1. Output the residue which, of all residues in the range 208-247 that are crowded, with 23+ Cβ neighbours inside 10 Å and assigned to a helix (DSSP H, G or I), is nearest to the chain's Cα centre (by Cα).
2. Only one of (1) closer than 25 Å to residue 184 by Cα; (2) without any contact (Cβ under 8 Å) to a residue 40 or more places away in the chain fails for residue 76. Which number is that?
3. What do you reckon, is residue 500 at pLDDT 90 or above and either under 27 Å from the mean Cα position of the chain (by Cα) or not assigned by TED's automatic domain parsing to the domain that holds residue 376 (or both)?
4. Can you find a residue that is part of a strand (DSSP E or B), touching a Leu at 6+ places or on another chain (Cβ under 9 Å), more than 24 Å from residue 124 (Cα to Cα) and not small (Gly, Ala, Ser) anywhere in the range 446-464?
5. With the structure loaded, tell me whether residue 319 is more than 19 Å from residue 239 (Cα to Cα) and among the β-branched types (Val, Ile, Thr) or whether it fails that test.
6. Which numbered condition trips up residue 402, out of (1) buried (at least 22 other Cβ atoms within 10 Å of the Cβ); (2) assigned to a helix (DSSP H, G or I); (3) not hydroxyl-bearing (Ser, Thr, Tyr)?
Amino acid sequence: MSQDSPLPPDLGARIDALFARWARPDSPGAAVRVTRHGREIHRGCYGMADLAHAVPIDERTVIRIGSQTKQFTVLLALMLEAEGRLSMEDDVRRHLPWLPEYPETVTLRHLAANVGGLRDFLEIMILGGLDIGAPSTRAGARRIIAGHKAVNFRPGTDLIYCNTGFFLLSEIVEQVSGQSFNQLLEERITRPLGMRDTRLMRWDSEILPRLADHHTHGPDGGWHKAQWGAVLGGEGGMVSTLEDMRLWLANLDAPKVGTPEMIARMSAPGAVIDGIPSPYGLGLVTCRYRGLASIGHGGGVAGGRSESVRFPEAGIGVVILGNTDDMGPFSLARRILDLVLGEEVGPLRTHAATERLKRAVGLYRAEGGDDVFGVAVKDGQPVFVSNGNGGMPIEQVGDGAFMPERGIVPLEFTPRDDGDMDTRWFGRPQRFRRLSDTALPAAAGPGGRYADAATGFEAEIGEEEGETVLRLRTPYGVWETALEARAPDLHLALPRRGLADTPPPAIEAGGWEFTVRLVADGIVLNNDRTKHLLLARAP
C-alpha cells in the first residue's frame, strides 16, 4: 500500500470487531490507536476501566504498560552513555559489585539485548515458592539475583527474555545519575515530550488519577482485580495512556529526545547468534510480518497486556493498552495491520497446514535436553504452549515449517512424519521427541531429598494419596507440586489434584510449572527462563 492508497471504507468497523468481546459494560477492555504517516486513522476505547463504578476506558485512562518500560530504560542508559557516565560495554559488576562473579563477563549491552544468560528473578521467585502477589522488596530481589551465580548460557550465545537484566540496568541508571528512575524519566523523556500521565508506578497498590483497575478471570469465571506484590522498576513498572504512547511512537519515528543514532541502536539486532541476527535489539523487538519490518515491544503484568509497534515501511503505528490479561496484543496488532493493508486477517497459514498442526497436538522434548514445548488447540486453532504460557498463535513460515507468532521467540519447527519435531533455534537444528500423551508409571528411584547449597533450594519427593509429590523449600517460600512422568527420566511438575480446583491438563494453557529430570546424582529443574538448576541427592 502506498502513502496515498485509500483505506478500506469499513476499516473502523472491522477493527472494532476485533475487540468486540471486550466492548461491554461488564468487561475490562482496551484503548487502541492506529496511525498512518503520523495521522490518526482509528481510535477505539472498549470496555471498562472500573467495573465497580461503571467508568469506561478512554484515551486518558492510565494503564500499566509492563515490559514496554524496557525501551525507556535503555534510552535512559544510552543518554547517560553519551555523557560518559557509563558504557554499554561495561562489566555489570563494575557498577554493582554485590553481584556474584559470573563464569564470563556480562556487559550492560548483554543485559539490554536479553543475551546475558542470567536467570530471570521473577521466574526464580515463582519457582522458589514466593507468591508473586505477596508483598516483596527490591532488596529481596537483589538477594535472589545475588544467589544465582550459575547462568542459563554463555553471554552473547543465546537469547532468553530476562527481567533480571533490566532490573540491573534500572539500578545502574539510578546509581550513575544520582536520581530516581521517575526523576530521570520525567526530566529526560516524558516532560520534554508532553507525556503527562506516564511514570513509574512501583506498587500495584498505588493510587493515581484515572488509573484503571487490572483484571483476570477468577476461579468462578467472573472478573477479579489482579495485582502483584513485587516492587517494579525499569523492567516493567511504568504506566501510560493512549495519548502518551502516541507521542512516544512519534518520538521513535522522529526523535525529539534521544538521537536518531540511539533509536537505530535500539532497533538493530542486539547480537548475532550462529550467524543469525537476534530479533531483540536494545529494548526493542524487530521482526517481519507480511514482508514489512515490525519494531516495537509488548508488555504483560498482573491483569494487563499491551503492545506498541511501528511498521515504518508502511508508515503505520499501533498502540494497544489493555487492562485484562485475556488479550493477545502482539497478535491483535498484526490483525489490525492486515485490515489497514486490505488483506485477509491472518495468521498466514494454509488450511492444509492448520490440519497438519492439529494432527501434531502433543508435547515435545529436546533430544538430549530438558526443554519442552507443545502444540494445542484453543478456540479451534492450533497454538504453541510452553510452561506457564497460555498459547501463542502459530504462523506458517515455509513449506511445513511454523513459528510461534511472537517477536522474541526465534523458534522454527516442522512436524515429522514419525511423530517427532524438527526445530531450528537461531539456525541450530535440534530434534524434539514426542512425549507420552498420558502419564507413565512412576519411575523407580525419584523419592528422597535433594539440595543446592549455592541457591538454598531443597526438595523432597515422596508418594502421597496416589500422587508423586515434590515439596520445594527455598529462601523465598515453600510449595508443592505433583510430578507426572512423561518419559522414564522426565517429569512434568503440575498443580496437585487436591490443591487445585480444576488442575489443567499439561498441554492446555501451559499447565506445567517446570520439568524435573532424574540424573544419577540428583534432579535438574528447568523452565523457560531458568535452566539447569541441579539439586544434588542428599545423603
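The values are calculated or read from the model by the stated rules, or taken from the named source; none is laboratory data. In this text, all values refer to a predicted model and were calculated from it rather than measured experimentally. Virtual Cβ from ideal backbone geometry, glycine too; neighbours counted across all protein chains shown.
1. Selected residue: 245.
2. (2)
3. no
4. No, the range 446-464 contains no residue that is part of a strand (DSSP E or B), touching a Leu at 6+ places or on another chain (Cβ under 9 Å), more than 24 Å from residue 124 (Cα to Cα) and not small (Gly, Ala, Ser).
5. no
6. Residue 402 satisfies every listed condition except (2).
Residue by residue, here is whether (1) in contact with a Ser or Thr (Cβ under 9 Å, 6 or more places away or on another chain); (2) at pLDDT 95 or above; (3) hydrophobic (A, V, I, L, M, F, W, C) holds:
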| residue | (1), (2), (3) |
| --- | --- |
| 220 | no, no, no |
| 247 | yes, yes, yes |
| 261 | no, yes, no |
| 290 | no, no, no |
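Here is a yes/no grid of residues against (1) over 25 Å from the mean Cα position of the chain (by Cα); (2) outside any loop (DSSP other than H, G, I, E, B); (3) buried (at least 16 other Cβ atoms within 10 Å of the Cβ):
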position	(1), (2), (3)
25	yes, no, no
53	yes, no, no
58	yes, no, no
80	yes, yes, yes
84	yes, no, no
94	yes, yes, no
102	no, no, yes
115	no, no, yes
118	no, no, yes
